[in-house]
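Q: One structure, as structure tokens, below. Some questions next.
Just so it is clear, none of the values below were taken in a lab; they were calculated from the coordinates. No experiment lies behind these values; they were computed from the predicted model shown. Reconstructed Cβ throughout: ideal geometry from the backbone, glycine too, with neighbour counts over all protein chains shown.
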Amino acid sequence: MTEISTTTPDTRFVDYYHAWIEIYKQDAVRDVTLRKYRNTETWLNKLIPNVKMCEINRITYQQLINAYAKEHEKQTTMDFHHHVKSAILDAVDDGLIERDPTRKVVIKGKKPRQKKMKYLNQYELHNLLQALNLGENINHDWLIYLIAKTGMRFSEAIALTPEDFDFSHQCLSINKTWDYKNGGGFVPTKNKSSVRKIQLDWQTVMQFSGLVKQLPKEKPIFVGEDGKIYNSTVNDILAKYCRKINVPAISVHGLRHTHASILLYAGVSTASVAKRLGHASMATTQKIYLHIIQELENKDIDVVMRSLSALT
């Protein structure tokens, strides 16, 4: 196995990149991030398996980016570029590559697919919540209910333990997620902004104070003893309820969009919605819900025009 300390100009770049991950990324980044670096390595092995360190220049690098872009959208290509560039810049610093070949690279990509955000309006959400089987014990329906009421991410919701509820202050602490894709276990939140407190309405407080009263304080309330829970299972349950009440079938993540949309239409500021959702910045919220914000701005313009017209 190639080590960075033994790398020469004739070393394959894919071997250098593999060793670079082992030294600089292994145990230094979250598992989900490490998997992204590994995926980049897989593509390097596919696209430039035999390219040597000495052959990495601006032309070969642009050709690599172009080849990757043929099968990926521009943003995905940008992420790929950032992963490879990080390794290359270290190689430049170590004198293994003479000049930075990533300078002035042109990022291309396939045309993004038209993505239509699916969410319910307030009336449809009301009917959905009414249809849920909310019994005396915690079940998947209660999970659907809580996500709809809070706008949490799925991984955040299934990581909740009884001690995360502060019933006296009517709030919920989000400080971890559940690694449901890799067998379970608590892992950190998506980013620092995701660590937050979400205010709960009094009805939800009353309901969950009874539901979690006798449950172990430090165990996730929605996860079974085997630690497994599947996003697809909850999505299937949610879709069945949507079909039952004749509303558009949405995913669990669609409940998060529904929550945010209802708040925005109700006049809640973008900043407050961003904080409640745990977005890294208000710009993220504005980007995702641009069409709603623009619709609200048009309504504001109508109000302004009517007000000005009355000043005669």
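Q: Would you please give the FRET efficiency between Lys217 and Ala271, computed as 1/(1 + (r/R0)^6) with r the Cβ-Cβ distance and R0 = 30 Å, to the nearest 0.05?
A: FRET efficiency, Lys217 to Ala271: 0.35.
Q: On to the next question. Can you compute the modelled spin-label distance between Ser86 and Tyr123, with each label point 7 Å from Cα toward Cβ, in nm?
A: 4.9 nm
Q: Which order do Ser193, Ser309 fall in if you start with the one that has the fewest other Cβ atoms within 10 Å?
A: Working: Ser193 15, Ser309 8.
Ordered from fewest to most neighbouring Cβ atoms within 10 Å, Ser193, Ser309 come out as Ser309, Ser193.
Q: Note down the relative contact order for the chain as a percent, whole number, built from C-alpha pairs under 8 angstrom at least six residues apart.
A: This gives 15 percent for the chain.
Q: How much length is gained if the chain between Gln199 and Glu71 is pulled fully straight, taking 0.36 nm per residue apart and subtracting their Cα-Cα distance, in nm to one decimal?
A: 41.8 nm
Q: Kindly provide the trypsin sites (Lys or Arg not before Pro) of segment 166-221 that DSSP labels as loop, not H, G, I, E or B, and whose Cβ sees at most 11 other Cβ atoms within 10 Å. Mind showing how you got there, number by number?
A: Values: sites: Lys176, Lys181, Lys190, Lys192, Arg196, Lys197, Lys213, Lys217; in loops: Lys176, Lys190, Lys213, Lys217.
Those that pass, being in a loop and sparsely packed, are Lys213, Lys217.
Q: Moving to a separate point now. Which order do Ser269, Ser86, Ser168 fall in if you start with the one that has the fewest other Cβ atoms within 10 Å? Walk me through the numbers before you get to the answer.
A: Working: Ser269 12, Ser86 16, Ser168 8.
With the sparsest Cβ surroundings first, the list reads Ser168, Ser269, Ser86.
Q: If you don't mind, there's one more thing I want to ask. Please compute the volume of the convex hull spanned by the alpha-carbon atoms of segment 1-130 and report it per residue in Å³.
A: 151 Å³
Q: Here is a further query. Over segment 122-300, consider all pairs of different Cα atoms and compute the Kirkwood hydrodynamic radius from their mean reciprocal separation; express it in Å, one decimal.
A: 16.9 Å
Q: Using a Gaussian network for the chain with springs between C-alpha atoms less than 10 Å apart, which of these wobbles most: Val106, Val195, Val247?
A: Val106
Q: Okay, helix-only estimate at 222 nm for the chain: each DSSP H run of n ≥ 4 adds -39500 (n - 2.57), divide by all residues, round to 500 deg cm²/dmol; what do you get?
A: Values: 13 runs with 159 residues, N = 312.
Taking each H run of at least 4 residues, the total per residue is -16000 deg cm²/dmol.
Q: Test of understanding: ordering Tyr16, Tyr289, Tyr145 by Cβ neighbours within 10 Å, fewest first, what list do you get? Before the final figure, lay out each step's value.
A: Details: Tyr16 26, Tyr289 23, Tyr145 19.
The most exposed by this proxy come first: Tyr145, Tyr289, Tyr16.
Q: What does the extension gain come out to for Asp100 and Gln294, with contour length at 0.36 nm per residue minus their alpha carbon separation?
A: 65.7 nm
Q: What is segment 47-156's relative contact order, in percent, from Cα pairs under 8 angstrom and six or more apart in sequence? Mind showing how you got there, number by number?
A: Values: 78 pairs, mean separation 30.1, N = 110.
Rounded, it is 27 percent for segment 47-156.
Q: Expressed in whole Å with the largest first, what are the equivalent ellipsoid semi-axes of the chain derived from the C-alpha gyration tensor as the square root of 5 times each eigenvalue?
A: With the √(5λ) rule applied to the chain, the semi-axes are 44, 28, 17 Å.
Q: Can I ask one more? From the C-alpha coordinates alone, can you work out the Kirkwood hydrodynamic radius of segment 163-267, in Å?
A: 16.0 Å
Q: Here is a further query. Need the C-alpha centroid separation for segment 154-214 versus segment 1-63, integer Å.
A: Centre-to-centre distance over Cα atoms comes out at 39 Å.
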